[in-house]
Amino acid sequence: AIFAFSAAVILLIGASDLPPPRFEPLGSAALPRILAVVIIFFSLIIALRAYLKNKTSTSVPSFAGETDVEPRRGALVLAALIIYVFALDVLRVPFLVATPVFVIAVGLSIGERSWTNALAFASLGLLLAFGISFVLEHLLYIRIG
């Protein structure tokens, strides 16, 4: 949560250097600012929940072998993110194609690998891709490949 909050603050600082809008209604800094505020909001919720859970928890600390943290899942998510950005930027894969594939890859890397989950993440990916595309193109007037 602290890392996400810090990254969002850096995003806000970077967005402050973008030029003000001349023709479009919101300008090029609108999307980074909106994204930063959303990240800050969710990181504060996560930090608050962790604090409250830690405050009310009286459990015995776990030993090294009893942890349920899997670093491979985090590495898979990071790899999927790098491939997603590479596909969009370098390979010029259309946003409406790359985004559902990215959501499926991330969903299956952090959750159970089953056909049901794959279909659920495919539906979520399509919904997100078309929703984001609609907002960017019709409300913010940003063409996104």
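The values are calculated or read from the model by the stated rules, or taken from the named source; none is laboratory data. Predicted model, so just to flag it, every value in this text is computed and none were measured. Don't worry about glycine lacking a Cβ; one is built from the backbone with ideal geometry, like all the others, and counts go over all protein chains shown. Keep in mind that these areas ignore ligands, DNA and RNA; they rest on the heavy atoms of the full protein, side chains included. Shrake-Rupley method; radii C 1.70, N 1.55, O 1.52, S 1.80 Å.
Structure data summary
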{"read-out": "Enumeration of residues in the stretch 19-44 that are open to solvent by less than 70 Å² (accessible area, probe 1.4 Å), assigned to a loop (DSSP other than H, G, I, E, B) and either more than 18 Å from Leu139 (Cβ to Cβ) or of a type in the set (Gly, Ala, Ser) (or both)", "value": "Gly27, Ser28, Ala29"}
{"read-out": "Among the candidates Val106, Val97, residue that is modelled with pLDDT of 90 or more and touching a helix residue (DSSP H, G or I) at 6+ places or on another chain (Cβ under 7 Å)", "value": "Val106"}
{"read-out": "So Leu140, is it at negative phi, at pLDDT below 90 and over 18 Å from the mean Cα position of the chain (by Cα)", "value": "yes"}
{"read-out": "Residues of the stretch 94-133 satisfying the condition of being in contact (Cβ under 8 Å) with a residue 40 or more places away in the chain and of a type in the set (D, E, K, R)", "value": "none"}
{"read-out": "Unmet requirement for Trp115, which otherwise passes all of (1) within 16 Å of the chain's Cα centre (by Cα); (2) at pLDDT 90 or above; (3) surrounded by fewer than 17 Cβ atoms within 10 Å (Cβ to Cβ)", "value": "(1)"}
{"read-out": "Residue under evaluation Leu52, criteria (1) open to solvent by less than 100 Å² (accessible area, probe 1.4 Å); (2) more than 14 Å from the chain's Cα centre (by Cα); (3) modelled with pLDDT under 85, criterion not met", "value": "(3)"}
{"read-out": "Conditions (1) among the hydroxyl-bearing types (Ser, Thr, Tyr); (2) more than 14 Å from the chain's Cα centre (by Cα); (3) open to solvent by less than 40 Å² (accessible area, probe 1.4 Å): number failed by Tyr84", "value": "(2)"}
{"read-out": "Search result, residues across the stretch 123-135 that are open to solvent by less than 100 Å² (accessible area, probe 1.4 Å) and more than 16 Å from the chain's Cα centre (by Cα)", "value": "Ser123, Val135"}
